[in-house]
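J.: So that we are looking at the same thing, I have put the structure below in structure tokens.
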Amino acid sequence: MTDLASLPTVSIVIPAYNEESGIRRCLVACIEQTVPADEIIVVDNLSTDGTRAAVEAMAVAFPDANIRVVVQDAEQGITPTRNAGFDAATSDVIGRIDADSALAPDWVEQVQRAFATREFVAASGPVEYYDMPMRRFGHKADDSFRKLQVKLAGDYVFLFGTNMAITKEAWLAVRGDVCADREDLMHEDIDLAVHLALKGFKIGYVSAMVAGMSARRLDSAPRDYFYYVERFKRTYEAHGIRDLRLLAPMAVFLGIYPALHAGRRLTEHRVAQRWGGAPKKIEVAEAD
């Protein structure tokens, strides 16, 4: 029997940009856990809708859940927003999900048990696409594919920002090394994983850490989707890593896109992912 006193505390960090329509669902799943998180942090990044107000209302409605808002208005982007949340977290382990994630009811419990083994300092789990048909089949396929990715990855096991966790200690160890990526070219979660690997930290994979997520990325226009998928290649190349095995997800995602994109258009799913599609336009000051 696991000693409850030895289990790590868990914070949940949720970066958010204009997520008023879905943030309540995400927070309800975070609250309705078999073991409560110690804190739930939503990092609002320059939202122009009612995201912040929605989170504040949830904090009032569920005072015992310890929901709080961190405001990151210094710059637009997932990387600085994630960093602000990780810096603000106070628990032993920092869970990181997206604003469209819907955690399984035992997610916090599974994170505690997995990290209590001290076998790794960061880990990801599988996802179930809650707005796609055959959810259970999709979950099993996703889990199997991610296990294969781990075998192919060698020293560079991935992290998946929609469903991941990292110890606060490991975050502080790489905080100054992770790339700012102000041009928005890379996958920030894979960049974090690379820097952990370069420091000699081990990354795990936990099938029991299950999160639901939207397939809204498939609603992106072909050009934006292709740019998003190429982030895998750009991230590894930015660190001088050239291993074709690490690019397996690109082949899979590009292969499934045409049929699934067409299917979602037929069923009126047209809510493209807000972060991570087209590149940012970086303004460069002209020389005098």
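The values are calculated or read from the model by the stated rules, or taken from the named source; none is laboratory data. Please read these numbers as outputs of a predicted model, since none were measured by experiment. Here Cβ is always computed from backbone atoms with ideal geometry, including for glycine, and neighbour counts include all displayed protein chains. Note: accessible area is taken over every heavy atom of the protein model, side chains too, but ligands, DNA and RNA are not part of it. Shrake-Rupley method; radii C 1.70, N 1.55, O 1.52, S 1.80 Å.
J.: Over what distance in Å are the Cα centres of the stretch 94-124 and the stretch 151-177 separated?
T.: Between the Cα centres of the stretch 94-124 and the stretch 151-177 lies a distance of 12 Å.
J.: Further, regarding this structure: Using Stokes-Einstein with the Kirkwood hydrodynamic radius over Cα pairs, what translational diffusion coefficient do you get for the stretch 71-130 at 20 °C and a viscosity of 1.002 mPa s, in µm²/s rounded to a whole number?
T.: Values: Rh = 13.5 Å.
The diffusion coefficient I find is 159 µm²/s.
J.: Something else: Would you mind working out the accessible area per residue for the stretch 127-178, using a 1.4 Å probe, and quoting it in Å²?
T.: So the stretch 127-178 comes to 53 Å² accessible per residue, rounded to a whole number.
J.: For the chain, which DSSP H helices look membrane-span-like by this rule: Cα extent along the axis of 20 Å or more and mean Kyte-Doolittle of at least -0.5?
T.: Within the chain the helices that satisfy the rule are 248-266.
J.: About the Cα centre, and with charges only on the beta carbon of Lys, Arg (+1) and Asp, Glu (-1), how big is the dipole of the chain? Nearest 20 debye, please.
T.: Dipole magnitude for the chain comes out near 1080 debye.
J.: Could you list the GluC sites (Glu not before Pro) in the stretch 1-78 that lie in coil according to DSSP, counting only those with at most 13 other Cβ atoms within 10 Å of their Cβ?
T.: 32, 75
J.: Between residue 116 and residue 199, what length in nm is gained on full extension when 0.36 nm per residue of separation is reduced by their alpha carbon distance?
T.: Extra length available between residue 116 and residue 199 comes to 27.8 nm.
J.: Sticking with this structure for a sec: Can you give the charge dipole size of the stretch 35-158 about its Cα centre, rounded to the nearest 20 debye, using +1 on the beta carbon of Lys and Arg and -1 on the beta carbon of Asp and Glu?
T.: The dipole magnitude comes to about 560 debye.
J.: Another question, then. Under the 0.36 nm per residue contour assumption, what length would be gained going from the current alpha-carbon distance of residue 57 and residue 208 to full extension?
T.: 51.3 nm
J.: Shifting gears a bit: Give me the net charge of residue 141's neighbourhood, meaning all other residues with Cβ under 12 Å from the Cβ of residue 141; Lys, Arg count +1, Asp, Glu -1. Mind showing how you got there, number by number?
T.: On the way: positive: 135, 136, 140, 146, 147; negative: 128, 142, 143.
Taking every other residue near residue 141 into account, the sum is +2.
J.: Here's another thing I want to ask about it. Return the equivalent ellipsoid semi-axes of the stretch 1-59 as a descending list in whole Å, where each equals the square root of 5 times an eigenvalue of the C-alpha gyration tensor.
T.: The three semi-axes for the stretch 1-59 are 28, 11, 8 Å.
J.: A further question on this structure: Tell me the mean residue ellipticity at 222 nm calculated for the chain from its helices only (DSSP H runs of n ≥ 4, each -39500 (n - 2.57), averaged over every residue, nearest 500).
T.: -12000 deg cm²/dmol
J.: OK, next. Just check the stretch 123-163 against the gyration tensor rule for me: Cα atoms, a ≥ b ≥ c as the square roots of the eigenvalues, rounded for a/c under 1.5, and otherwise prolate or oblate depending on whether a/b exceeds b/c.
T.: Oblate, because a/c is 1.5 or more while a/b does not exceed b/c.
J.: Follow-up. Considering the dipole of the stretch 52-111 built from charges on the beta carbon (Lys and Arg +1, Asp and Glu -1) around the Cα centre, which of 62, 95, 85 is farthest to its positive end?
T.: It is 85, whose Cα lies furthest towards the positive end.
J.: Assuming R0 = 25 Å, can you tell me the calculated FRET efficiency for the pair residue 172 and residue 239, based on Cβ-Cβ distance, to the nearest 0.05?
T.: Working: r = 21 Å, r/R0 = 0.82.
Approximately 0.75, to the nearest 0.05.
J.: Also: Could you work out the Rg to Rh ratio of the stretch 138-256, with Rh taken as the Kirkwood radius (inverse of the mean 1/r over all Cα pairs)?
T.: Dividing the radius of gyration by the Kirkwood radius yields 0.94.
J.: Follow-up. Using every alpha carbon pair in the chain, what percent of pairs falls into each 5 Å bin from 0 up to the bin containing the largest distance?
T.: Cα pair-distance distribution for the chain, in percent: 1, 6, 12, 17, 20, 19, 14, 8, 3, 1, 0, 0, 0, 0.
J.: Taking N as the number of residues in the stretch 74-220, what is its Cα Rg relative to 2.2 N^0.38 Å? It would help to have the intermediate numbers written out before the result.
T.: Working: Rg = 14.9 Å, N = 147, 2.2 N^0.38 = 14.7 Å.
Normalised Cα radius of gyration, the stretch 74-220: 1.01.
J.: For the stretch 1-106, max minus min Cα coordinate along each principal axis, in Å, sorted largest first?
T.: Principal-axis extents of the stretch 1-106 (Cα, largest first): 48, 25, 21 Å.
J.: Still on this structure: Near residue 233, which aspartates and glutamates are there with a Cα under 20 Å away, not counting those fewer than 8 places off in the same chain?
T.: Of all the aspartates and glutamates, those that pass the test against residue 233 - Cα under 20 Å, at least 8 places apart if same chain - are 155, 177, 181, 183, 184, 188, 189, 191, 224, 243.
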